[in-house]
Each structure stands twice: as C-alpha cells, then as structure tokens.
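Colleague: What follows is a structure written as structure tokens; I'll ask about it next.
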Amino acid sequence: MQATHDLALTVQQRADGQYVWLMMAATEPVAGSDALYYRPACSAVAAQATYSSAFSIGVAELMRVAAAGSVAAN
C-alpha cells in the first residue's frame with residue numbers, strides 16, 4: 001500500500017464524451033534529481049460524459065483515500 005503523500009489527480013479523455021479520472025502516486029525519488037515521477041495508482045471504473053463530472057468523482061475518491069490513509073492499485 002502506498003502512503004497518501006505525493007498523489008496527483010488527472011482526467012483523461014479516452015474518446016468523445018468519455019472522461020476518466022486517474023490517480024497517480026509518486027515513485028521513489030531518483031538520487032541527484034529534483035523531479036518527481038508518477039505511476040498510475042487507481043482509476044475510474046466507468047467513464048463519465050463530462051470532464052467536470054469525472055474530475056468531481058476523482059476528487060471524492062482522493063478525499064476517501066486521504067481519509068483512509070492509503071491508496072490501493074486497481
């Protein structure tokens with residue numbers, strides 16, 4: 001299980017009218033680099049018709065993960 005720090009949320013448009021949220025978790029830092037690299041941690045099961053709907057659902061999931069203290073990959 002990944003700790004809830006260094007998470008990012010994005011929305012992808014997979015086709016017209018198909019938007020899905022994707023939660024990303026930072027990987028271990030690379031020695032000597034200031035860059036953060038992210039990997040997919042979990043994503044929406046079903047696409048939404050609008051960007052804002054997908055984003056809202058993703059924010060709710062991010063808040064649920066933060067309250068639970070971990071993110072499980074699915």
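Colleague: Can you tell me the 0 to 90 degree angle between the C-alpha axis of helix 51-68 and the longest principal axis of the chain, rounded to 10?
Modeller: Taking the Cα atoms of the chain, the angle to 51-68 is about 40 degrees.
Colleague: Between (1) 1.17; (2) 1.48; (3) 1.12, which entry matches Cα Rg over 2.2 N^0.38 Å as derived from the coordinates of this structure?
Modeller: Computed from these coordinates, Cα Rg over 2.2 N^0.38 Å corresponds to label (1).
Colleague: Moving to a separate point now. What percent does the relative contact order of the chain come to when contacts are Cα pairs within less than 8 Å and at least six residues apart? Could the numbers behind the result be given before it?
Modeller: Details: 125 pairs, mean separation 27.0, N = 74.
Result for the chain is 37 percent.
Colleague: Expressed in nm to one decimal, what extension gain is obtained for the pair residue 56 and residue 13 from 0.36 nm per residue of sequence separation less their Cα-Cα distance?
Modeller: On the way: separation 43, 0.36 × 43 = 15.48 nm, distance 1.46 nm.
Roughly 14.0 nm would be gained on extension.
Colleague: Using helices alone, I'd like the mean residue ellipticity at 222 nm for the chain: each DSSP H run of four-plus residues gives -39500 (n - 2.57), total over residue count, nearest 500.
Modeller: Working: 1 runs with 18 residues, N = 74.
Mean residue ellipticity, 222 nm, calculated: -8000 deg cm²/dmol.
Colleague: Please give the length that would be gained between residue 66 and residue 39 if that part of the chain were fully extended, namely 0.36 nm times their separation in residues minus their C-alpha to C-alpha distance (nm, one decimal). Each step should come with its number before you reach the end.
Modeller: Numbers: separation 27, 0.36 × 27 = 9.72 nm, distance 1.75 nm.
Length gained between residue 66 and residue 39: 8.0 nm.
Colleague: What residues have an amide H closer than 5 Å to that of residue 41, excluding those fewer than 5 places away on the same chain, when H is modeled at 1.01 Å from N in the peptide plane?
Modeller: Amide H to amide H, under 5 Å and 5 or more residues apart or across chains, residue 41 pairs with 23, 24, 25.
Every number in this text was worked out from the coordinates using simple rules, so none of it is lab data. The structure presented is a predicted model; accordingly, all values stated were derived computationally and were not measured.
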